[in-house]
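The values are calculated or read from the model by the stated rules, or taken from the named source; none is laboratory data. Note that the structure is predicted; figures quoted are calculated from it, not measured. Because the Cβ atoms are built from the backbone with ideal geometry, glycine has one as well, and the counts that use them run over all protein chains shown.
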Amino acid sequence: METHPLIVPDVNVLVSGTTISNSAPSIVMQSWAEGVIEFATSEPILDELQRVLAYPRVVKITGMEGKSVDKFINTVRQSSSLVPGTTPVSVSPDPDDDKLFACALEAEADYIVSMDKYHVLSVTEYEGIRTIHPTDFVRDILQISRAA
C-alpha cells in the first residue's frame, strides 16, 4: 500500500495556499486536496488559523469571512489527522510555534511545511521530523517543477 507524506502545514502555508494561485503553498494545498499528501493539525493550530483569517488585511486578501472561514476551517479539520497538540514541546525560538512541533510529534508527521524561516525552519529537524519551506517541499518531495 502506498503511503503519502504526512505534513503539518503552518498557518502561513494554509492562508497563502488559498490566496496565491500557482504558488508553492497553493500546490501544497492542491496536492492535499488530490490526496497526494496528508495533513495533520490540532485545535491550537486551527485556533490560530481562525485568528489569522479574521485579520482585516487577511480578509481583504482572501475574501473569506464568516461562513466561508468556518467552512474552510472545518474542511481542514475533517480532512486532516487531528491530534490534541498538547504535548509539551520547547524547541522553537518562538514558543507560540511549538504547537507545530507538538502536533507533528503526536501525529508522527514526516514534515512541518512553513515559510517562517526564523522560528520554524531554523529548527531543521526535531525528533526525525524535518522542517521544510513549501518551495523546497514541492520541488524535492512532490517533485513538481513549476517551470512553464
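Across the range 20-54, which residue is farthest from residue 113 (Cα to Cα) among those that are of a type outside the set (D, E, K, R) and without any contact (Cβ under 8 Å) to a residue 24 or more places away in the chain?
So in the range 20-54, the residues of a type outside the set (D, E, K, R) come out as 20-33, 35-37, 39-42, 44-46, 49-50, 52-54.
If we keep only those that are without any contact (Cβ under 8 Å) to a residue 24 or more places away in the chain too, we end up with 20-21, 26, 29-30, 33, 50, 54.
Working: 20: 16, 21: 18, 26: 12, 29: 11, 30: 14, 33: 16, 50: 19, 54: 22 Å.
Restricting to residues being of a type outside the set (D, E, K, R) and without any contact (Cβ under 8 Å) to a residue 24 or more places away in the chain, the top hit is 54.
Only residues that are without any contact (Cβ under 8 Å) to a residue 40 or more places away in the chain and surrounded by fewer than 14 Cβ atoms within 10 Å (Cβ to Cβ): list them for the range 123-148, please.
Selection gives 124, 125, 127, 128, 140, 143, 145, 147, 148.
Quick one: in the range 4-18, of everything that is part of a loop (DSSP other than H, G, I, E, B) and under 13 Å from residue 81 (Cβ atoms), which residue is modelled with the highest pLDDT? Even if it seems obvious, please write down each step before you answer.
We begin by selecting, within the range 4-18, every residue part of a loop (DSSP other than H, G, I, E, B); these are 4-5, 10.
If we keep only those that are under 13 Å from residue 81 (Cβ atoms) too, we end up with 4-5.
On the way: 4: 91, 5: 95.
Taking the candidates together, the pick is 5.
Mind checking which residues of the range 60-95 are aliphatic (A, V, I, L, M) and in a loop (DSSP other than H, G, I, E, B)? So that I can check it myself, show each step before the final result.
Filtering the range 60-95 down to residues aliphatic (A, V, I, L, M) leaves 61, 64, 69, 73, 76, 82-83, 89, 91.
Passing the criteria: 64, 89, 91.
Please give the number of the condition residue 103 fails out of (1) without any contact (Cβ under 8 Å) to a residue 60 or more places away in the chain; (2) within 24 Å of residue 124 (Cβ to Cβ); (3) touching a Ser or Thr at 6+ places or on another chain (Cβ under 9 Å).
Result: residue 103 passes all but (1).
Among the residues of the range 42-56, are any among the charged types (D, E, K, R), part of a strand (DSSP E or B) and surrounded by fewer than 20 Cβ atoms within 10 Å (Cβ to Cβ)?
Pass one, the range 42-56, residues among the charged types (D, E, K, R): 43, 47-48, 51.
Next, from what is left, pick out any that are part of a strand (DSSP E or B): none.
No, because not a single residue in the range 42-56 is among the charged types (D, E, K, R), part of a strand (DSSP E or B) and surrounded by fewer than 20 Cβ atoms within 10 Å (Cβ to Cβ).
Hey, among the residues in the range 19-39 that are part of a helix (DSSP H, G or I) and in contact with a helix residue (DSSP H, G or I) (Cβ under 6 Å, 6 or more places away or on another chain), which one's surrounded by the fewest Cβ atoms within 10 Å (Cβ to Cβ)? Before you say what the answer is, go through the steps one by one.
Narrowing the range 19-39 to residues part of a helix (DSSP H, G or I): 19, 24-33.
In the following step, the residues that additionally are in contact with a helix residue (DSSP H, G or I) (Cβ under 6 Å, 6 or more places away or on another chain) were identified as 19, 24-29.
Working: 19: 15, 24: 23, 25: 25, 26: 18, 27: 21, 28: 27, 29: 21.
Filtering first and then ranking leaves 19.
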